[in-house]
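Have a look at the structure below before the remarks.
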Amino acid sequence: TLWLITIPPRHVPAGEARPAGSMLASIREGLVSVWRDAQVRTFFIIIAATNLLVNGPFEVGIPVLAHTRFAEGAVAFGLIVSAFGGGALLGTVLAGVLPKPAPERTGPRLLVVISVVGIGVALMGVISSTAIATVIALVMGTANGYVMVLFITWLQARTPQAMLGRMMSLLMLAAVGLSPISNAAAGALSGLSVTALFIGAGSLMTVIVLLSALNLSL
């Protein structure tokens, strides 16, 4: 379908990038733009990794934990999911009301907050208390909501106007498009060991953030 979509020619003001002749060429330009910016490339990798390593374990693994480990069963599942959703709302509000970091400090702050999500996923694999799991989910949701608002704001301010639509499309792919793969992998791995699923995903997420921090500091 994308192959058949063409962009009609239009008048391009001086200094503005000329649009590509097809949708696929336009997507390719967006990918090249992401790859050439080291910071943007690093954070796109982190967002994709978060989607792969967090969404599946949370969406598939939490019901398994509620069924097999938490005494409250379905009530535990409802509390944990509600806490994560409430935390996401809280994080979104905090991103709007808290002072915005200076541009040179935005990257480090994003990495610190994202690491909280990875640590929370790992902790979910070893706890057996619904109350503690609910608190962890609240913290994870808050970190996730805060990061998404701060990152999108930072990305839009950094992206040329002519590339903004393509950049946001790639962000949606990294943030949402990989969910089916994450869910399928989490479903397969949870049948082997749900504890290993959470610890492995959270630990790998934390390592990716650490390596990204080292890379950005070079």
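A few points about this structure:
- Filter result for the condition that a residue is more than 16 Å from Val64 (Cα to Cα) and either out of contact with any Leu (no Cβ under 6 Å at 6 or more places or on another chain) or modelled with pLDDT under 90 (or both), over Val149, Val126: Val149
- Of all residue pairs spaced 6 or more apart or on separate chains, those with beta-carbon atoms under 9 Å, a first member in region 186-203 that is modelled with pLDDT of 90 or more and a second member that is part of a loop (DSSP other than H, G, I, E, B) and hydrophobic (A, V, I, L, M, F, W, C) are Thr195/Val126; Phe198/Val126; Ile199/Val126.
- Hey, Leu52 open to solvent by 60 Å² or more (accessible area, probe 1.4 Å), within 24 Å of Ser182 (Cβ to Cβ), modelled with pLDDT under 90 and part of a helix (DSSP H, G or I) or not: yes
- Count of region 23-74 residues which are without any contact (Cβ under 8 Å) to a residue 40 or more places away in the chain, under 21 Å from Met172 (Cα atoms) and small (Gly, Ala, Ser): 1
- Taking region 78-175 and the helices (runs of 4 or more DSSP H) fully enclosed by it, the elements with 3 or more residues that are among the β-branched types (Val, Ile, Thr) and in contact (Cβ under 8 Å) with a residue 12 or more places away in the chain are at 103-124, 130-158.
- Counting the residues of region 184-196 that are exposed (fewer than 14 other Cβ atoms within 10 Å of the Cβ) and assigned to a helix (DSSP H, G or I) gives 3.
- Taking region 68-96 as the range and being surrounded by fewer than 18 Cβ atoms within 10 Å (Cβ to Cβ), of a type in the set (Gly, Ala, Ser) and within 21 Å of Ser190 (Cα to Cα) as the test, the residues that pass are Ala71, Gly73, Ala74, Gly78.
- Ile181 being out of contact with any His (no Cβ under 6 Å at 6 or more places or on another chain), among the β-branched types (Val, Ile, Thr), buried (at least 17 other Cβ atoms within 10 Å of the Cβ) and assigned to a helix (DSSP H, G or I): no
- When restricted to residues that are open to solvent by 30 Å² or more (accessible area, probe 1.4 Å) and among the aromatic types (Phe, Trp, Tyr), region 33-49 contains 1.
- On inspection, Ala131 qualifies as open to solvent by 50 Å² or more (accessible area, probe 1.4 Å), out of contact with any Pro (no Cβ under 7 Å at 6 or more places or on another chain) and modelled with pLDDT of 90 or more.
The values are calculated or read from the model by the stated rules, or taken from the named source; none is laboratory data. Please read these numbers as outputs of a predicted model, since none were measured by experiment. Cβ: placed from backbone, ideal geometry, glycine included. Neighbour counts: every protein chain shown. For the accessible areas, the whole protein counts, side chains as well, though only heavy atoms, and no ligand, DNA or RNA atoms are used. Shrake-Rupley method; radii C 1.70, N 1.55, O 1.52, S 1.80 Å.
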